[in-house]
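**Student:** Before we start, here is the structure in question, set down as structure tokens.
The values are calculated or read from the model by the stated rules, or taken from the named source; none is laboratory data. Predicted, not measured: the structure shown is a model, and the values here were computed from it. Cβ sites come from the backbone with ideal geometry, for glycine too, and all protein chains shown count toward neighbours.
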Amino acid sequence: MKFQLPRGLRDLEPENFEVVERIRSAFLEVSKLFGYKFMEPSPIEFLSTLEAKSGPSVSDEIYCFKDKSGRELGLRFDLTVGLTRFVASRRDLQLPFKLCSFSSMWRYDEPQYGRYRWFYQWDAEIFGSRSIEADAEIIELTEMIFDRLGLKNCLIEIGDRRIVEEYLKREMGATDEIIILEALRALDKVKKKPLPQIVKEYANKGIDGRTMNKLIEFGSLRGRPHDIINILKEKGLQNLDDLSSLADSLDARGVKNTLFSMGIVRGLDYYDGIVFEVFDEKNSDIGALAGGGRFNGLPAIFGRPDLVATGVAGGVERIALALSKIGKIKSEGDFALIYVAYANESLIKPATRLASELRKSGIRTEFDLSGRSLRKQIEAASSQNARYTLIVAPREYSQKRIVVKDMLNRTERQINIDKVISFLTERIEG
């Protein structure tokens with residue numbers, strides 16, 4: 001019998017988990033700078049909650065089941081639904097209210113490059129502010145997270161679903177809300193599927209080839225914010241105030257790596273205004289690293305038509321791929337490793353005591369647990385990329401001294417035991 005994982009799942013091995021934690025750390029640090037409060041919504045929801053916006057068909061795309069009491073439940077597919085449900089239930093919260101979360105999700109999607117059925121996301125939301133400054137803050141926060149991670153080539157592409165809807169209604173005569181929604185979904189797939197395949201797929205849903213080609217041509221409008229606004233004005237489109245104000249706010253905030261793109265509409269149905277996606281310019285094959293926007297209509301489904309919202313979510317696995325492609329998997333701020341070795345069994349206790357003292361001082365320390373020879377311990381220190389190996393040896397220890405081996409240049413020196421901690425803290429980053 002083979003004990004294998006289900007399709008689309010994988011184990012997070014130690015080196016993979018280190019990258020997840022690095023991304024989590026950057027996200028939490030930046031979110032704190034902006035004053036977001038941290039929480040985690042329940043991983044299991046009533047299926048009716050998950051269907052509230054996306055409809056019964058969502059059950060084909062997620063993990064859902066009946067519990068022992070026969071209740072229909074599902075595993076969350078994002079954090080936005082749970083956070084919105086929570087805020088909608090709390091009329092005591094002072095608005096605007098800023099929340100963020102970092103955790104795992106489950107979707108029954110077809111596994112593909114950088115996409116699994118169990119995956120991590122980070123999420124930041126602002127509830128209760130209609131101001132375009134809330135959208136600008138979300139985009140600024142997003143840029144700062146990627147900058148903190150060292151992803152300097154990320155480009156934020158921004159659109160507005162209302163403008164695309166206006167174009168569909170005015171220029172293409174679309175009136176059926178279902179057809180408009182299908183057209184937005186089709187536009188969202190342009191970067192993901194061949195054009196003939198999209199035209200054929202949506203012809204079966206009532207969108208003829210001529211209409212689809214005009215829509216895709218409109219979606220190709222992409223450039224510097226104020227240039228795109230001027231083009232949209234020339235086309236006679238009216239719903240431009242928010243995009244114009246957003247461009248001004250992003251300029252004031254120093255957010256420069258942005259483009260306005262009418263092809264950015266986001267596939268999830270609950271978006272209804274400003275939307276954006278983040279791409280790595282040099283590794284576009286990875287797909288969007290993050291995306292978000294306005295979802296004012298979602299809180300109303302949970303009984304709060306008075307509550308508006310905007311936010312962003314980032315895909316941790318795709319961000320990890322982007323980091324790996326530029327050699328940024330290891331954090332520049334990783335703690336240096338110190339290895340404590342002992343020359344013989346009689347020195348295990350003092351070596352153990354030294355290792356414990358180093359750890360209590362915040363120094364990352366490894367210690368042999370297998371009774372190996374000194375040579376094998378030094379080999380182990382080298383294989384673990386230890387910065388220094390501290391050797392507890394009989395003659396030196398009797399003189400209250402420790403041998404310090406520099407693992408980079410292979411030099412050795414002796415120092416007093418009571419000066420070991422100060423010696424290390426002066427020389428390693430932590």
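**Student:** Among the residues of region 180-221, write down those that are aliphatic (A, V, I, L, M), surrounded by fewer than 16 Cβ atoms within 10 Å (Cβ to Cβ) and more than 17 Å from ARG266 (Cβ to Cβ).
**Tutor:** Of everything in region 180-221, those that are aliphatic (A, V, I, L, M), surrounded by fewer than 16 Cβ atoms within 10 Å (Cβ to Cβ) and more than 17 Å from ARG266 (Cβ to Cβ) turn out to be LEU195, ALA203.
**Student:** Tell me the residue from ASP285, ASP227, ASP242 that is among the charged types (D, E, K, R), within 19 Å of the chain's Cα centre (by Cα) and not in a strand (DSSP E or B), please.
**Tutor:** Result: ASP285 is the single residue among ASP285, ASP227, ASP242 that is among the charged types (D, E, K, R), within 19 Å of the chain's Cα centre (by Cα) and not in a strand (DSSP E or B).
**Student:** Hey, another quick one. Return a yes/no flag: does region 154-161 have any residue that is among the hydrophobic types (A, V, I, L, M, F, W, C), within 19 Å of ASN296 (Cβ to Cβ) and outside any loop (DSSP other than H, G, I, E, B).
**Tutor:** yes
**Student:** Applying the selection to region 316-337, what residues are at pLDDT 95 or above and either assigned to a strand (DSSP E or B) or more than 17 Å from PHE17 (Cβ to Cβ) (or both)?
**Tutor:** none
**Student:** Mind checking which residues of region 40-61 are modelled with pLDDT of 95 or more and either under 23 Å from the mean Cα position of the chain (by Cα) or at positive phi (or both)?
**Tutor:** If the condition is that a residue be modelled with pLDDT of 95 or more and either under 23 Å from the mean Cα position of the chain (by Cα) or at positive phi (or both), then GLU40, PRO41, SER42, PRO43, ILE44, GLU45 are the ones that fit.
**Student:** Turning to a different aspect of this structure: If only one of ARG76, ARG24 is surrounded by fewer than 17 Cβ atoms within 10 Å (Cβ to Cβ) and within 28 Å of MET144 (Cβ to Cβ), which one is it?
**Tutor:** ARG24
**Student:** Aliphatic (A, V, I, L, M) and either touching a Ser or Thr at 6+ places or on another chain (Cβ under 9 Å) or part of a loop (DSSP other than H, G, I, E, B) (or both), is that true of ILE198? Let's see the steps before the verdict.
**Tutor:** On the way: aliphatic (A, V, I, L, M): yes; either touching a Ser or Thr at 6+ places or on another chain (Cβ under 9 Å) or part of a loop (DSSP other than H, G, I, E, B) (or both): no.
No, not satisfied.
Each row is one residue, and each column tells you yes or no for (1) crowded, with 20+ Cβ neighbours inside 10 Å; (2) in contact with a Cys (Cβ under 9 Å, 6 or more places away or on another chain).
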| site | (1), (2) |
| --- | --- |
| GLU13 | no, no |
| VAL20 | no, no |
| LEU33 | no, no |
| LYS37 | no, yes |
| LEU47 | no, yes |
| ALA52 | no, no |
| SER69 | no, no |
| GLY82 | yes, no |
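**Student:** Do we find a residue being farther than 30 Å from ALA134 by Cβ and in contact with a helix residue (DSSP H, G or I) (Cβ under 7 Å, 6 or more places away or on another chain) anywhere in region 77-100?
**Tutor:** Looking for residues that are farther than 30 Å from ALA134 by Cβ and in contact with a helix residue (DSSP H, G or I) (Cβ under 7 Å, 6 or more places away or on another chain), one finds none in region 77-100, hence no.
**Student:** How many residues, within region 245-268, are part of a loop (DSSP other than H, G, I, E, B) and in contact with a helix residue (DSSP H, G or I) (Cβ under 6 Å, 6 or more places away or on another chain)?
**Tutor:** So in region 245-268, the residues part of a loop (DSSP other than H, G, I, E, B) come out as 254-257, 262-268.
Filter again for in contact with a helix residue (DSSP H, G or I) (Cβ under 6 Å, 6 or more places away or on another chain), leaving 255, 262-263, 265, 267.
Final tally of qualifying residues: 5.
**Student:** While we're here: Give ILE286, ILE207 a once-over and let me know the one that is out of contact with any Lys or Arg (no Cβ under 6 Å at 6 or more places or on another chain) and within 18 Å of LYS192 (Cβ to Cβ). Quick ask: steps written out before the conclusion?
**Tutor:** Details: ILE286 fails: out of contact with any Lys or Arg (no Cβ under 6 Å at 6 or more places or on another chain).
Checking each option against the conditions leaves just ILE207.
**Student:** Separate question: Can you tell me which residues in region 22-55 are assigned to a loop (DSSP other than H, G, I, E, B) and touching a residue at least 12 places away in the same chain (Cβ under 8 Å)?
**Tutor:** Selection gives PHE34, GLY35, TYR36, MET39, GLU40, PRO41, SER42, PRO43.
**Student:** Can you tell me which of LYS98, LYS68, LYS37 is outside the structural domain of ALA313 (by TED's automatic domain parsing) and either of a type outside the set (Val, Ile, Thr) or within 15 Å of the chain's Cα centre (by Cα) (or both)?
**Tutor:** Residue meeting the stated conditions: LYS68.
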